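Structure first, commentary second.
The values are calculated or read from the model by the stated rules, or taken from the named source; none is laboratory data. This one's a predicted model, so the numbers in the text were calculated from it and none came from an experiment. Cβ sites come from the backbone with ideal geometry, for glycine too, and all protein chains shown count toward neighbours.
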Protein chains: 2
Amino acid sequence: MDTAELQDCIHHRFAQVKFLENALTHSSFANEQDGNDDNERLEFLGDAVLELCISEEGFRRYPTAQEGQLTRIRSQLVKEQSLAAIARDLKLDKYIRLGRGEELQGGRDRDALLADAFEALLGAVFLDGGFDVARRTVLAIFEDQWPARAVIPETKDYKSRLQEVAQELFRDRPVYVLAGTSGPEHEKLFEVDVTLPGGEKFRGVGTSVKRAEQEGAHLALQFLEEE
Amino acid sequence: MDTAELQDCIHHRFAQVKFLENALTHSSFANEQDGNDDNERLEFLGDAVLELCISEEGFRRYPTAQEGQLTRIRSQLVKEQSLAAIARDLKLDKYIRLGRGEELQGGRDRDALLADAFEALLGAVFLDGGFDVARRTVLAIFEDQWPARAVIPETKDYKSRLQEVAQELFRDRPVYVLAGTSGPEHEKLFEVDVTLPGGEKFRGVGTSVKRAEQEGAHLALQFLEEE
């Protein structure tokens, strides 16, 4: 297999080309030809390599984004369709070794198969060169794919969610009562009691009434979700 | 916060203690006290760090395990309950900074909260020391938790699965017919046609009739699952 061009594309020269060949071997091929391992173990590894590289870079690029926004951006970048497009850019569909049945079936152009092969390729780079090399490869490939900003605002609105959940469970609303305040004037804390239609009570504390309500609603939601 | 003992436990001295403090700050605390970031972004990062470290080590420890077995072992090791137990061993429940409402609610002993804090801690180690340091920490912590062997056999039995699926969809069975053989005697390939009750036909190729049947069933399953 002549993979020089592919190795140029991913900016990594394999010391052990067997890793690369393994990544490009679909199970349907391994099934036909004894003595070939398929790429499924490497895919398992590469999936985790990709996840960490994208997580770390998202963490650095969007210093004010909340966890939910980072998760959403990552999902967008690593979804099957996106990875299949990258695989086609790298011409993995030309390199991959398929069995005859899979070939007849059109497997060479199947998104899932191509996305898996791309992940396996990253697993191979990681084994061959270590984490920093794999990271460099991932970051180069994804360079143009990051959104300019973590646009979608994360609405951590526990109060609204509790409203919905309570309506569904009890056909009634939770009640919020300001229970008191504490602390000196310049760093006053507010305490709000949230009572569910079932009678359970939760105290939220925060630097504003709004925050205390949110915190109380959060506790109530945790309680309901653990029921 | 005196975290010397904790840092001993994880065999890592933080160069930037602020990462560690951040990992030990629950959102309920950040909500009460302005100027403290909560640990959710670090948890996002640490989750991916943990996944890669465990994936890589599983890959190395079980060189003959299939992807499905590796996935199962990993799930077992990183499930919430396991991580909460580790968090308690490290006494994270003593260190973590909670808001008053969460404290009253018993949050200090909640599995989900403790597991999240452990993941955040790994995110902090990764930021402070890099991947190799985080890996060393993870491997030391999980040292005794690996099963002796990847015991549960992975049954990649496509033929049985296709049987079930066909029964459900068509109330009928797929038909397997040996279509032919090819290649020289010492590396003969068998070709089997699998026909679904709906009439669709799939050709499996393999070094034995059994393998060819499995391959044909695999193709048929892919077809049905993409329907």
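A few remarks follow.
- Leading residue by the ranking (farthest from B:LYS79 (Cα to Cα)) among those in the range B:112-127 that are at the interface with another protein chain (Cβ under 10 Å from one of its Cβ atoms) and over 18 Å from the mean Cα position of the chain (by Cα): B:LEU127
- Filtering the range A:201-222 to residues that are within 11 Å of chain B (Cβ to nearest Cβ) and surrounded by fewer than 17 Cβ atoms within 10 Å (Cβ to Cβ) leaves A:LYS201, A:THR207, A:SER208, A:LYS210.
A quick yes/no check of all residues on (1) touching a residue at least 12 places away in the same chain (Cβ under 8 Å); (2) among the hydroxyl-bearing types (Ser, Thr, Tyr); (3) under 30 Å from B:ASP8 (Cβ atoms); (4) in the same structural domain as B:PHE14 (by TED's automatic domain parsing):
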{"position": "B:VAL133", "(1), (2), (3), (4)": "yes, no, yes, yes"}
{"position": "B:ARG136", "(1), (2), (3), (4)": "yes, no, yes, yes"}
{"position": "B:GLY183", "(1), (2), (3), (4)": "no, no, no, no"}
{"position": "B:VAL192", "(1), (2), (3), (4)": "yes, no, no, no"}
{"position": "B:PRO197", "(1), (2), (3), (4)": "yes, no, no, no"}
{"position": "B:PHE202", "(1), (2), (3), (4)": "yes, no, no, no"}
{"position": "B:GLY206", "(1), (2), (3), (4)": "yes, no, no, no"}
{"position": "B:VAL209", "(1), (2), (3), (4)": "yes, no, no, no"}
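Residues are listed down the side, and each one gets a yes or a no for (1) out of contact with any helix residue (DSSP H, G or I) (no Cβ under 8 Å at 6 or more places or on another chain); (2) within 10 Å of chain B (Cβ to nearest Cβ); (3) closer than 15 Å to A:VAL138 by Cα:
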residue	(1), (2), (3)
A:ASP2	yes, no, no
A:ALA15	no, no, no
A:GLU21	yes, no, no
A:HIS26	no, no, no
A:ASN31	no, yes, no
A:ASN36	no, no, no
A:ASN39	no, yes, no
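Condition check ((1) within 22 Å of B:ILE73 (Cα to Cα); (2) more than 14 Å from chain A (Cβ to nearest Cβ); (3) of a type outside the set (A, V, I, L, M)) across all residues:
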site	(1), (2), (3)
B:GLY106	no, no, yes
B:ASP144	yes, yes, yes
B:ASP157	yes, no, yes
B:LEU169	no, yes, no
B:ASP172	no, yes, yes
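- B:THR25 fulfils the conditions (1) among the β-branched types (Val, Ile, Thr); (2) surrounded by 20 or more Cβ atoms within 10 Å (Cβ to Cβ); (3) at pLDDT below 95 except for a single criterion, (3).
- Any hit, the range B:157-171, residues being hydroxyl-bearing (Ser, Thr, Tyr), in contact with a strand residue (DSSP E or B) (Cβ under 7 Å, 6 or more places away or on another chain) and surrounded by 15 or more Cβ atoms within 10 Å (Cβ to Cβ): no
- When the range A:47-61 is filtered for residues that are in contact (Cβ under 8 Å) with a residue 60 or more places away in the chain and either among the acidic types (Asp, Glu) or more than 9 Å from chain B (Cβ to nearest Cβ) (or both), the ones remaining, listed by number, are A:ASP47, A:LEU50, A:GLU56, A:GLU57, A:ARG61.
- Identity of the residue in the range A:77-101, touching a residue at least 60 places away in the same chain (Cβ under 8 Å) and in contact with a Lys or Arg (Cβ under 8 Å, 6 or more places away or on another chain), that ends up surrounded by the fewest Cβ atoms within 10 Å (Cβ to Cβ): A:ARG100
- The residues of the range A:181-200 that are surrounded by 11 or more Cβ atoms within 10 Å (Cβ to Cβ), part of a loop (DSSP other than H, G, I, E, B) and not small (Gly, Ala, Ser), listed by number, are A:LYS188, A:LEU196, A:PRO197, A:GLU200.
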